[in-house]
Amino acid sequence: MKPPRFDYATPTTVTEAVALLKQHDTEAKILAGGQSLVPLLNMRLTRPGILIDLGRIPELNYIREADGAIVIGAMTTKRSVEDSDLVKSRQPLLHAATVLIGHVAIRNRGTVGGSLAHADPAAEYPAVAVALDAELRAMGPNGARSIKAADFYVSYLTTALEPTEILTEVRFPVLPSGAGWSCMEVARRHGDFAMAGAMVTVTLARDGRCSAARIVLFGVGAVPLRAAAAEQVVIGQKPSEKVFQDAGQKAADAAEEPMSDTHASAEYRRYLAQVMTRRALAEAVSRAGRAA
Ligand SMILES: Cc1cc2nc3c(=O)[nH]c(=O)nc-3n(C[C@H](O)[C@H](O)[C@H](O)COP(=O)(O)OP(=O)(O)OC[C@H]3O[C@@H](n4cnc5c(N)ncnc54)[C@H](O)[C@@H]3O)c2cc1C
């Protein structure tokens, strides 16, 4: 199918892009890598009057370390993240999640900002952002603002961004030294969206007890789901299969309303939440052990 007619603008600065968004308001749609938007256009599930292509704004394309975080411009491609030695060494959870996204061709075009803003509940980046307590930066007609990842995801494909705002940057805080991490998911085929998955970070105290943990599920609800009750099962305990199993059960309980579709039933997704949490905790703890 072909998309409906639309106008097309190619701003070269963020200021120019925001002015265009303000001018066209809800008629406008931002185009980043097009890996989600173009199929939606072709299927006529969205009919913007104008596409504002961010692809010619160099100031949105960078990866650097600053103030204890890996800072990434919204138009940086996933392939650049995958190839980045800085990400590999300083933010390995982000790197591990990146290589699970689609295929190389998709990661060549798809952007970090596009994935975060599209807010697919089964996507890896929104879950990594919540797991790492990332901060997202947006620019709109009233200036710049920061939004915590946990507040950014509102509902299915819906974020806290205003229609006239552009996501410009994401800051992923670097994990404390010795922290362990894991990203586990189940997809039907390599490159498919996950049916469900879990992102986990853990820190171990000197006595081997778990002093901090974050567990975030994806693919089991409308937004990335922080499994706080599961975290509480782990914190203060010496890691063991029993602790991981109990935490997995709490994570499954937290997944109150997983979707049922042709890929997986709600019941199966809840089961995956339990298994992925258990396995991700075990892997994260094994990494924390090695790093301590
Ligand atoms: C076959 C296939 C398999 C895939 N598998 C996966 C997968 O396993 N995991 C996964 O996470 N994704 C997967 N994807 C989706 C892919 O990661 C997309 O790249 C991503 O969802 C959107 O990024 P994009 O840069 O292409 O954005 P676009 O498609 O250009 O835009 C997506 C949406 O975000 C908005 N947007 C984009 N950038 C901004 C911005 N800076 N500020 C505000 N709004 C913005 C757009 O207006 C649009 O609504 C897959 C895609 C395909 C085609």
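With all protein chains kept in place, the per residue accessible area of the range 142-292 amounts to 48 square angstrom at a probe of 1.4 angstrom. Protein heavy-atom surface of the chain, 1.4 angstrom probe: 50% of the accessible area is carbon and sulfur, with nucleic acids and ligands not counted. For the range 106-114, backbone phi angles converted through the Karplus equation (6.51, -1.76, 1.60; θ = phi - 60°) give residue-by-residue couplings of 6, 6, 5, 9, x, 10, 5, x, x Hz, Gly and Pro being listed as x.
I need the shape label for the range 7-52. Rule: rounded when a/c is under 1.5, else prolate if a/b > b/c, else oblate, with a, b, c from the alpha carbon gyration tensor. Numbers along the way, then the final one.
Details: a/c = 2.85, a/b = 1.64, b/c = 1.74.
The shape class here is oblate.
Going 7 Å from the Cα of residue 86 toward and past its Cβ, which residues in the range 10-43 have a backbone nitrogen under 11 Å from where you end up? The answer is none.
When DSSP assigns beta bridges and you keep just the ones with both residues in the range 1-153, what percent turn out antiparallel, to the nearest 5?
Numbers: 11 of 18 bridges.
Antiparallel bridges make up about 60 percent of those DSSP assigns within the range 1-153.
Given 29/250; 29/148; 88/148; 88/238, which pairs have Cα atoms separated by over 32 Å?
Working: 29/250 39 Å; 29/148 23 Å; 88/148 23 Å; 88/238 29 Å.
Beyond 32 Å: 29/250.
Backbone phi angles across the range 277-289, fed through the Karplus curve with coefficients 6.51, -1.76 and 1.60 (θ = phi - 60°), yield HN-Hα couplings of 5, 4, 5, 5, 4, 4, 5, 4, 5, 5, 6, 5, x Hz in residue order; Gly and Pro are listed as x. DSSP beta bridges confined to the chain are antiparallel in about 85 percent of cases. What the phi angles of the range 62-74 give under the Karplus curve with 6.51, -1.76 and 1.60, with θ = phi - 60°, is a coupling list of 6, 9, 8, 10, 7, 6, x, 9, 8, 10, 10, x, 4 Hz, glycine and proline written as x. Projecting the Cα positions of 179, 158, 199 onto the charge dipole of the range 127-221 (unit charges on Cβ atoms of Lys, Arg, Asp and Glu, taken about the Cα centre) puts 179 furthest along the positive direction.
Of the DSSP beta bridges with both residues in the range 22-74, give the percent that are antiparallel, rounding to the nearest 5. Intermediate values should be presented prior to the final figure.
Values: 4 of 8 bridges.
Beta bridges within the range 22-74, antiparallel portion: roughly 50 percent.
The order of 100, 20 by accessible area, most exposed first and with a 1.4 Å probe, is 100, 20.
On a 1.4 Å probe surface of the protein chains, which of 240, 115 comes out largest in accessible area, and what is the full order?
Details: 240 45, 115 25 Å².
The most accessible residue leads, giving 240, 115.
Using the rule -39500 (n - 2.57) for each DSSP H run of four or more residues, divided by the residues of the chain, the 222 nm mean residue ellipticity is -10500 deg cm²/dmol. Stretched out straight at 0.36 nm per residue, the stretch from residue 253 to residue 148 would grow longer than its current Cα-Cα span by 35.3 nm.
Under 5 Å between amide hydrogens, built in the peptide plane, is the criterion, and for residue 148 it picks out 136 among residues at least 5 positions away or on other chains. When only alpha carbons are used to place a centre, the range 68-126 and the range 228-258 end up 27 Å from one another.
For the range 180-291, rounded, prolate or oblate, judged on the Cα gyration tensor with a ≥ b ≥ c (square roots of eigenvalues), a/c < 1.5 rounded, else prolate if a/b > b/c?
Values: a/c = 2.52, a/b = 1.81, b/c = 1.40.
Because a/c hits 1.5 or more and a/b exceeds b/c, the range 180-291 counts as prolate.
Accessible area per residue for the range 49-126, computed on protein heavy atoms with a 1.4 Å probe, is 36 Å².
The values are calculated or read from the model by the stated rules, or taken from the named source; none is laboratory data. Everything numeric here is computed off the predicted structure, so don't read it as measured data. Glycine gets a Cβ as well: all are built from the backbone with ideal geometry, and neighbour counts include every protein chain shown. Areas reflect the complete protein model, heavy atoms only, side chains present, ligands, DNA and RNA absent. Shrake-Rupley method; radii C 1.70, N 1.55, O 1.52, S 1.80 Å.
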